[in-house]
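Colleague: Structure below; questions to follow.
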Amino acid sequence: MIDVHPPEHGIHGFRDFVVHLLTITVGLLIALGLEASVEALHHRHERKDAEATIRREILDNGDMVQQSGPQFKTELVGMTTVVQTLEDLSQGRPGTLHEADFIFHQAPLEDSAWRTAGSTGVLSYMDYSQVEKFSDAYKEQDELESMELATLEDYLQLMPILKNHKDDMTPERAKDALPIARRALAHLNGMYFIGIGTMGSYSDALK
């Protein structure tokens, strides 16, 4: 807050009035300039902190997606085997289901730094093109997590059927489970391609 005080001595004549007015004007301009400079420095500090935090978050998420690669390939191979086995069993052909083939792991990805920067308005202090790259990365991440959630729902429907009847799976039960297993396999393939896009968006955002 800027305070303007009346002169200590009375104003005598037009010249004193002009001098006093100029003094107040210059003082106000200096005060406003200092206030704007302090605010600009504060915004710059907030921007740097937020950008650094977002970059760390994206980097950590990228590491998580990359580290999940081997497990994901195992899940993809496992569900492919489950589908093939169910197809055989549904046709009355012999086949054996193994629990190791229908295990699914989630890879938790964070977006708290991005959401905080958006809710506090710090994104408005950043370069637009950089914000756009960050936004694209988190949109891809959201799509990956949505596909992951859909895949998890498939597994949750499928696991009780496969675990409870893996040793006595009738053709009828196999036919019931087969559409869910095919859907889970489709979702896993979707996760694979969206994951590639997500890693590309992460790379662009970190340049």
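Bear in mind these aren't lab numbers, they're just calculated from the coordinates by the rules spelled out. Since this is a predicted model, take the numbers as computed values, not measurements. Using ideal geometry, Cβ is built from the backbone for each residue, glycine included, and neighbour counts are taken over all protein chains shown.
Colleague: Being surrounded by fewer than 18 Cβ atoms within 10 Å (Cβ to Cβ) and either more than 18 Å from the chain's Cα centre (by Cα) or hydrophobic (A, V, I, L, M, F, W, C) (or both) narrows it down to one of 90, 112, 119, 124, so name that one.
Modeller: Unique residue meeting the criteria: 124.
Colleague: Can residue 109 be described as over 17 Å from residue 79 (Cα atoms), touching a residue at least 12 places away in the same chain (Cβ under 8 Å) and outside any helix (DSSP H, G or I)?
Modeller: Criteria met by residue 109.
Colleague: Between a first residue in region 191-205 that is more than 16 Å from residue 149 (Cβ to Cβ) and a second residue that is part of a helix (DSSP H, G or I) and of a type in the set (D, E, K, R), which pairs have beta carbons less than 6 Å apart while being 6 or more apart in sequence or on different chains?
Modeller: Once the first residue is more than 16 Å from residue 149 (Cβ to Cβ) and sits in region 191-205, its partners that are part of a helix (DSSP H, G or I) and of a type in the set (D, E, K, R) give 197/140; 201/136; 201/140; 204/133; 205/133.
Colleague: Tell me which of these residue 169 doesn't satisfy, since it passes every other one: (1) surrounded by fewer than 20 Cβ atoms within 10 Å (Cβ to Cβ); (2) over 18 Å from the mean Cα position of the chain (by Cα).
Modeller: (1)
Colleague: Moving on to the next point. What do you reckon, is residue 141 within 19 Å of residue 67 (Cα to Cα) and not in a loop (DSSP other than H, G, I, E, B)?
Modeller: yes
Colleague: Okay, next question. Checking residue 137 against (1) touching a His at 6+ places or on another chain (Cβ under 8 Å); (2) surrounded by 14 or more Cβ atoms within 10 Å (Cβ to Cβ), which single condition isn't satisfied?
Modeller: With respect to (1) touching a His at 6+ places or on another chain (Cβ under 8 Å); (2) surrounded by 14 or more Cβ atoms within 10 Å (Cβ to Cβ), residue 137 is out only on (1).
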